[in-house]
Amino acid sequence: MKPGRADEFIARWEEITAWAVQHAPGCLWGVLLRDSEDPDLFVHTGAWECSEDVRAWISNPERLKWIEAINELVDHYEPRTMHLAAVRDPEEWSGLR
């Protein structure tokens, strides 16, 4: 994270995720985690209906615009595609901050 840009990053992430949930087929939700010891370190993840929807999102020109907007705020961004290995009921922890 570039110094002093964390709040702007969070706001931009919320915009991107809201847009994706509404406009990207198969996008279900997103979660942004912030490291307790390093407040400039974030990890985000999201849920998609299927891997085809993820591939479509990766190649979506709108996504590329959002990535450019994020890159203005961060020193390093490393996107990954992962598959669900296990989950505990997310309703139990979704309200925690």
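Per-structure values
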| item | result |
| --- | --- |
| Summed residue charge, Cβ within 15 Å of P3's Cβ, Lys/Arg positive, Asp/Glu negative | -4 |
| Answer label for P(r) over Cα pairs in 5 Å bins from 0, in percent (calculated), chosen among (i) 2, 12, 25, 26, 19, 10, 4, 1, 0, 0; (ii) 3, 15, 29, 28, 18, 7, 1, 0; (iii) 2, 11, 22, 25, 20, 14, 6, 0 | (iii) |
| Difference of contour (0.36 nm per residue) and Cα-Cα distance, D75 to E52 | 5.3 nm |
| Computed helical MRE - 222 nm, the chain, DSSP H runs ≥ 4 contributing -39500 (n - 2.57), nearest 500 | -12500 deg cm²/dmol |
| Where labels lie 7 Å past Cα in the beta-carbon direction, separation of R12 and R34 in nm | 1.6 |
| For W29, residues with placed amide H under 5 Å, excluding near neighbours | A47 |
| Radius 12 Å from Cβ of Q22, net charge of other residues (Lys, Arg +1; Asp, Glu -1) | -2 |
| Surface share of carbon and sulfur [accessible, 1.4 angstrom probe, percent] for segment 1-41 | 53 |
| Net length gained if the chain between L41 and V87 were fully extended (0.36 nm per residue, minus Cα distance) | 14.2 nm |
| Peptides 26-38, 77-89, 9-21, 45-57 ordered by average Cβ neighbours within 10 Å, highest first | 9-21, 45-57, 26-38, 77-89 |
| Calculated from backbone phi, Karplus (6.51, -1.76, 1.60) coupling profile of segment 5-20 in Hz, x at Gly/Pro | 10, 4, 4, 5, 4, 4, 4, 5, 4, 4, 5, 4, 5, 4, 4, 4 |
| Check: the chain dipole with +1 on Lys, Arg Cβ and -1 on Asp, Glu Cβ, in debye | 180 |
| From phi via Karplus (6.51, -1.76, 1.60), per-residue ³J(HN,Hα) for segment 70-84 in Hz, x at Gly/Pro | 5, 4, 5, 9, 10, 8, 8, 9, 10, x, 9, 10, 10, 10, 5 |
| The chain - accessible surface per residue (Å², probe 1.4 Å) | 76 |
| Cut-off under 5 Å, modelled amide H: who pairs with V74 long-range | K2 |
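The values are calculated or read from the model by the stated rules, or taken from the named source; none is laboratory data. Bear in mind the structure is a predicted one, so any value in this text is a computation, not a measurement. A quick note on method: Cβ atoms are made from the backbone with ideal geometry, for glycine too, and the neighbour counts reach across all protein chains shown. All accessible areas refer to the heavy atoms of the entire protein, side chains included, with ligands and DNA or RNA removed. Shrake-Rupley method; radii C 1.70, N 1.55, O 1.52, S 1.80 Å.
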